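First the structure, in the form of structure tokens, and then the observations on it.
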Amino acid sequence: MAYAMLVDTTKCTGCRGCQVACKRWNELSPEKTTLSGEWTNPPDLTGQTWTVVFFKEMSKGGEMQWKFTKWQCMHCEEPPCASVCPSLAISKTPEGPVVIDTTRCIGCKYCVEACPFDAVRFDSRGTQELYGVKLGGIKAGDIESGGGSVGVARKCHMCYNRIAQGRKPACVETCLTGAIQFGDRAEIIQKAKTRAAAVNGYVYGEKEAGGTSVVYVLDAPPQELGLPAVTPKRYSEVKADMYKSIGGFGIIGAIILGLVYYFTKPKAEEAK
Amino acid sequence: MEFEKEVKLSRRDFLKLSGAAAASSMAGLSFSFSEAYALPPPKKKVVAGQQINTICYYCSVGCGIVATVIDGKAVNIEGDPEHPINEGTLCSKAHALVQMYAHNNPHRLIKPLMRTNPKKGVDQEPKWREISWEEAFAAIAAKVKASVDAFYKENPLPDKDGNYAISGKKFPVAWVGSAYSHNEENYLFRKLSVLLGTNNIEHQARRCHASTVAALAATYGFGAMTNHFIDAKNSKCIMMIGSNAAEQHPIYFRWVTRAKENGAKLIVLDPRFTRSASKADIFTWFRPGTDVAIFMGLINYAIANNLVDSAYVKDRTDADKELAGGKIYEELKKVASSYTVEEVSKITGIPADKFRLIADTYCRTKPGTILYSMGTTQHTNATQMIRAYAILQLLLGNVGVPGGGVNAIRGISNVQGSTDMATLAHILPPYRRVPTNAADIRGFQKYKNLVAEKKPAADIAAEFKIAPIDLRHYATWLLYMKHWGIYAGTYPENDPEKGAVISDLPIGAGNSSVEIYRSVKAGDTKVLFVVGENPAVSNPNLPDVMAALSSESVFTVVMEMFESETAHFADILLPASSLLEKEGSVTNSGRWAQWRNVTQPPPGEAKTDLWFVDELFKRLRKAGAMVLPSEKFQKDRGASLGTDPDGKWNYGSPPSAEAVLKEINATNALYMGIIAADGKNLAKRRDKTPADEMDANYGFFKNWGFSWPDNQRVLYKTDETAVLARALGRNFFTADKKAIIYASAWAAKGFGIPVHNEPAESPDAELRDKYAPLIGTHPAAPPANKELKIGDASKYPIVLTTFRLSEHMHTTMTRNMPWLNELMPEPFVEMNPSLAGKLGVKSGDFVLVKSARKPEGIKIKAVVTNRVKPLTINSKPVEIVAIPWHWGFKSLNPGSSANMLTIDAIDAWASIPETKVALCSVEKA
């Protein structure tokens, strides 16, 4: 069964229960931060912050608006990060989560570069004490938590370990307004479309990167909320296009260009 | 949702999808692409070890949480999916609770400490020395005994009138309890204070909803939230004013969202654009401290546009009663008529069109409910504000109906309960007056004699020329004589007129929250207990509070989990158990009493408040520091009054919360029935089966926990199924069961009907003249408002308001939790770009914010935002700035305290300080 997560930003109150629920379940380190003018904190995803709520003040028709957009790995249907991983450490599970097996990760950062959503982070430090406060929790393997090996790529794994036990991801379970939901991907997309039509809004994630397992309902264009513009093409199509364009260079040329490609962000190339 | 229990974590064959070209491009890089690796199966279990459910620590919503305990150690905390209020969801603060346990947090106090540096002050290190509990008790008992002995030397018994009674205010010991403590603990705090001889007992509730209690009790009968949290889903129009539920009571917003999904309108009025405002259908900014004008304006609008539910008003209120100048309704109409849309706009800064839209939407959409909180309650005229809310709801027929009501959202998880247990200077549990003077005790003796004669209550009431309902005060004192083993009355008993008055109940109200520290500063309070509160951050006018706490004449005992700002001034610092480490009942703001369970024992030598107060009682008795006036009388006169406080203080060893709850069940009228006839503790009930059809329709959950009174879920709903025959909450709790629009007790000073008064510090001279603040020479000004440092608008032209953040809970706990510090690391002042432009300030720059309390100002970072904006007040622009008040000089991330600037003016009817509005100036640092 392929699941997906719905993020209906029109219902989000910015309480950030999801942000701390994620840290709690995955035993992620607190980060030392400073005041953020728009209240977003930490300012972006890191190897120890797998989801973050972006706060944004806007104005529509002279009325003030304050938007809260939860952000994390989009769990692509066809994840470029998995495709480029030389150590085969990244899997797309049949349920939907894209999971990094950090015990296999060699820290090459190809996935960080390849991600069209800029959602994979290189974690150079692992879980740490801050203010002398340690983490609570069951010590799990470092695939499931922020602990264990350092110098690896880390990101949201959609609580694949909870899904396996018949529970929703931690951020979904804690969402008090029901802004984050979880279910069969086809149903989630249907829900998103119905809701987007009701609020005269936008669906994000149905088509981006060929479809993702996280689907948003937005009441403002994605780019206004700071979400990246991503091609609707699947990664395989992106690559097929690329190879078509390089035509008869032959296998050696392909390898060289392939290398060049890996050090370039596809999103930068493909953004519309 | 059902998921497959076992998920095959096979690797997707991306090679097949991406084709040969991709494979070839990988060839040079990958070690192997022959076979995909499988992920190992998950190790981490959602359900492991023991699952212990309890009630969340923080706000008054009362969400259920579940702790996972392995080998006696709590390792995880999740939302309780079975809990009807939160249904498994939680806010950011609750998820960080695992960082409260000492095994995760080395900052928890685990040993009693004694100060060795005799000097006190912010800059004075206490130089703690670890001591034993024995040493701590010895030091405390000696200090209490010395101060009590000195007090009795100056105020000997019998007094000059031959009476054995003491002033509850003059007594040199003060106790500051806590709304974080359980009902049983608060009950014993209050009992202990009475046995000591003091009414100088206060806690957070004074700054929380003291004005709600005064206003709603005076209008409806009970000073509490009328409906409950889940009930918001039944509403069609929700007006939030002085509340920011999305941030301060996040799970309440779950039910507000549910209502919105069902088509309800959300109207938010706030001096700031908040996270609640972001979800509003209609939002307006307004100047803090002008709620009476808004609501008298709404009342005027409802009357003028025939939007009043006349049948309801006639049937259920005093509107038709005659006053000297006509009917009460006419008087209301007359007073309200001066609050025209234009006048309201002039005072509040709400544009006239916006006000009309709000008035029309709210008055026409039913059932409508008003949600409010500290934005309303903390004003010098807060009681009148809430009265105005309550009257509007009566006019619209919105009281006693699901989805309606005046929903006073309290702050702390047990602040409803701690108020019901009267950890307050002016009442005894539950909301019974303290004896006002010796004559009151003589009256009580008369009452006792009539009861002994077995006269019916109606006849007794007739003798006192009061309504039978007003006999409740004497009836409760009688219960305390029996259950506390104390005496109040005359000797001989058959001579209430001339016999000697003996009262173990201290006479007269004690010092309120603000006054306690003034009394400390004046040297009158010699021993101060602070158990679970942090006034060195949360009280207004902190420079004065800190000066008081630094005084060498006071011996301060603080019981805390962390070294708080107040603990920094302590002589003895005792390690407290967290709420995750003790059991007892807590009452949420919707009046649901629920049971907390122990998730693991307290760390080190930390103890529960229950253990501490029980032990302290025994030690003080043994040391002779706690001798009742009746005992002195018995000794002097050789007479027996039958007092036996020791025999009646018997809760087991260690003390059991349930044993105390049994006594509460017998003495506290609101909690009668919490222990069922079969001995079952109903606070422990976890049954979601609806009790009847009404329960099923509206989501009352009458089989979950216990709701006071008589398990009533919506107060004043006449047809809600009654559990006890008396059905206390089914109608207005007034002499004739009608709600009170006209408050005759307050009429002499001009407050029969609410009228607007400017805040203590008003930015507009003209408005200040027209609507005089309740300070100085104003006839309604309380004595405490006569000595204030008032700032003038010429020097301090900017309106300051204070607020809280979703990510922090008040002052101490959350600032010691790294995950929450990450979200909100430091304090700031919010200002509009227009003010920032004038000052040349951008977000992140430091500014100095100054007020009359702190003329040198506090240094704080600026956040430049449109969430606050200048308003047009009386045709002139007024800038408004806002500071969250969580921070202080201790904790993981110290920061400037907003309350350094706030004013310690208090409400004239409820003594709650005006921390929500003051004047300030801002300059670039």
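Read-outs throughout are calculated quantities, based only on the coordinates presented, and are distinct from any laboratory measurement. None of these values were measured; they are calculated from a predicted model. Neighbour counts are summed over all protein chains in view; Cβ atoms, including those assigned to glycine, are modelled from backbone coordinates with ideal geometry.
Size of the dipole of the stretch B:775-924 about the Cα centre, Lys and Arg at +1 and Asp and Glu at -1 on the beta carbon, nothing else charged, in debye to 20? Spell out each step's value before the answer.
On the way: 18 positive and 13 negative charges, 53 e Å.
The dipole magnitude comes to about 260 debye.
What are the semi-axes of the equivalent ellipsoid of the stretch A:1-146, taken as the square roots of 5 times the eigenvalues of the Cα gyration tensor, listed largest first and rounded to whole Å? Don't skip to the end; give the middle numbers.
Details: eigenvalues 149, 87, 42 Å².
Taking √(5λ) for each eigenvalue gives 27, 21, 14 Å, largest first.
Taking the Cα centroid of the stretch B:130-193 and of the stretch B:293-343, what is the distance between the two, rounded to the nearest whole Å?
Between the Cα centre of the stretch B:130-193 and that of the stretch B:293-343, the gap is 48 Å.
Taking chain A as a Gaussian network, Cα atoms linked when under 10 Å apart, which of A:Lys92, A:Lys155, A:Lys134 shows the biggest mean-square fluctuation?
Of the options given, A:Lys134 has the highest mean-square fluctuation.
At what distance in nm do the modelled label points of B:Asp678 and B:Ala462 sit from each other, each positioned 7 Å from its Cα along Cα→Cβ?
Computed distance between label sites B:Asp678 and B:Ala462 equals 4.3 nm.
Rounded to two decimals, what is Rg over Rh for chain A when you use alpha-carbon atoms and the Kirkwood radius? Walk me through the intermediate numbers first.
Working: Rg = 18.7 Å, Rh = 19.3 Å.
Using only Cα positions, Rg/Rh for chain A is 0.97.
Taking the simple approach of a point 7 Å from Cα along Cα-to-Cβ for both B:Lys321 and B:Ala547, what is their distance in nm?
Going from the B:Lys321 label point to the B:Ala547 one covers 4.5 nm.
Can you put B:Arg472, A:Arg16 in order, fewest other beta carbons within 10 Å first? Walk me through the intermediate numbers first.
Details: B:Arg472 17, A:Arg16 32.
Fewest-to-most Cβ neighbours within 10 Å comes out as B:Arg472, A:Arg16.
Given springs between every Cα pair under 10 Å in a Gaussian network model of chain A, which of A:Ile188, A:Ile255, A:Ile90 has the largest fluctuation?
A:Ile255
How large is ³J(HN,Hα), in whole Hz, for each residue of the stretch B:288-304 in order, when computed from phi with the Karplus curve 6.51 cos²θ - 1.76 cosθ + 1.60 and θ = phi - 60°, using x for Gly and Pro?
Each residue's phi maps through the Karplus curve to give x, x, 10, 4, 4, 4, 4, 7, 5, x, 5, 4, 4, 5, 5, 5, 5 Hz.
Evaluate E = 1/(1 + (r/R0)^6) for B:Lys145 and B:Asp470, where r is the Cβ-Cβ distance and R0 equals 30 Å; express this FRET efficiency to the nearest 0.05.
On the way: r = 39 Å, r/R0 = 1.30.
Using R0 = 30 Å, I get an efficiency of 0.15.
Which of the listed residues, A:Ser29, A:Gln65, A:Ile251, is farthest toward the dipole's positive end in chain A, when Lys, Arg count +1 and Asp, Glu count -1 at the beta-carbon?
Checking the options against the dipole of chain A, the answer is A:Ser29.
Karplus couplings for the stretch B:489-495 from phi (6.51 cos²θ - 1.76 cosθ + 1.60, θ = phi - 60°), rounded to Hz, Gly and Pro as x?
x, 10, 10, x, 5, 7, 10
Applying 1/(1 + (r/R0)^6) with R0 = 35 Å to the Cβ-Cβ distance of A:Glu63 and B:Lys786, what FRET efficiency is obtained, to the nearest 0.05?
Details: r = 45 Å, r/R0 = 1.27.
Plugging the Cβ-Cβ distance into 1/(1 + (r/R0)^6) gives 0.20.
With a ≥ b ≥ c the root eigenvalues of the C-alpha gyration tensor of chain B, is it rounded (a/c under 1.5), prolate (a/b larger than b/c) or oblate?
Numbers: a/c = 1.38, a/b = 1.19, b/c = 1.16.
Verdict is rounded for chain B.
Report, in debye and to the nearest 20, how large the dipole of the protein assembly as shown comes out about its Cα centre when Lys and Arg carry +1 and Asp and Glu carry -1 on their Cβ. List each step's numbers first, then the result.
Details: 143 positive and 125 negative charges, 111 e Å.
Charge dipole, the protein assembly as shown, about its Cα centre: 540 debye, nearest 20.
Between their Cα atoms, which of A:Lys23/A:Lys155; A:Lys67/B:Lys869; B:Lys145/B:Lys618 are more than 21 Å away from each other? Before the final figure, lay out each step's value.
Working: A:Lys23/A:Lys155 12 Å; A:Lys67/B:Lys869 18 Å; B:Lys145/B:Lys618 13 Å.
Check vs 21 Å cut-off fails for no pair.
Please compute the alpha carbon radius of gyration of the protein assembly as shown, then divide it by the globular-protein estimate 2.2 N^0.38 Å. Two decimals is fine.
Working: Rg = 31.5 Å, N = 1197, 2.2 N^0.38 = 32.5 Å.
Here the answer is 0.97, to two decimals.
Could you list the residues of the stretch B:840-863 with an amide nitrogen less than 20 Å from a label point located 7 Å from the Cα of B:Lys876 in the Cα-to-C-beta direction?
Of the residues in the stretch B:840-863, B:850-852 have backbone N under 20 Å from the label point off B:Lys876.
Just to confirm a number: summing +1 for Lys and Arg and -1 for Asp and Glu over residues other than B:Tyr771 whose beta-carbon lies under 13 angstrom from that of B:Tyr771, what do you get? Intermediate values should be presented prior to the final figure.
On the way: positive: B:Arg287, B:Lys346, B:Arg768, B:Lys770; negative: B:Asp291, B:Glu343, B:Glu758, B:Asp764, B:Glu766, B:Asp769.
For residues surrounding B:Tyr771, the net value is -2.
Determine the shape class of the stretch B:775-924: with a ≥ b ≥ c the square roots of the Cα gyration tensor eigenvalues, call it rounded for a/c under 1.5, and otherwise prolate if a/b is greater than b/c, oblate otherwise.
On the way: a/c = 2.02, a/b = 1.22, b/c = 1.65.
Oblate is the answer for the stretch B:775-924, as a/c is 1.5 or above yet b/c matches or exceeds a/b.
Do the alpha carbons of any pairs in B:Lys749/B:Lys850; B:Lys334/B:Lys354; B:Lys143/B:Lys498; B:Lys622/B:Lys890; B:Lys191/B:Lys446 sit beyond 26 Å of each other, and which pairs?
Numbers: B:Lys749/B:Lys850 34 Å; B:Lys334/B:Lys354 24 Å; B:Lys143/B:Lys498 37 Å; B:Lys622/B:Lys890 37 Å; B:Lys191/B:Lys446 24 Å.
Check vs 26 Å cut-off fails for B:Lys749/B:Lys850; B:Lys143/B:Lys498; B:Lys622/B:Lys890.
Antiparallel as a % of all DSSP beta bridges within the protein assembly as shown, to the nearest 5? Provide the component values of the computation, followed by the final result.
On the way: 77 of 125 bridges.
Restricted to the protein assembly as shown, the bridges split so that about 60 percent are antiparallel.
Antiparallel DSSP bridges in the stretch B:775-924: what percent, to the nearest 5? Each step should come with its number before you reach the end.
Numbers: 17 of 26 bridges.
Rounded to the nearest five, the antiparallel share is 65 percent.
Can you figure out the FRET efficiency of B:Trp133 with B:Ser744, using R₀ = 35 Å and their beta-carbon distance, to the nearest 0.05?
Details: r = 53 Å, r/R0 = 1.50.
My answer for the efficiency is 0.10.
Treat each spin label as a single point 7 Å out from the Cα along the C-beta direction, and report the B:Asp687 to A:Gln165 distance in nm.
3.1
Under a Cβ-only charge scheme (Lys and Arg +1, Asp and Glu -1), can you give me the dipole magnitude of chain A about the Cα centre, in debye to the nearest 20?
Numbers: 33 positive and 28 negative charges, 53 e Å.
Once rounded to the nearest 20, the dipole reads 260 debye.
Using 0.36 nm per residue, how much length does the chain from B:Phe846 to B:Asn597 gain when fully extended, once their Cα-Cα distance is taken away?
Working: separation 249, 0.36 × 249 = 89.64 nm, distance 4.52 nm.
The B:Phe846-B:Asn597 span can extend by a further 85.1 nm.
Can you give the local net charge around B:Ala304? Use residues other than it whose beta-carbon is closer than 12 angstrom to its beta-carbon, Lys and Arg +1, Asp and Glu -1.
On the way: positive: B:Lys333, B:Arg356; negative: B:Asp360.
Net of charged neighbours comes to +1.
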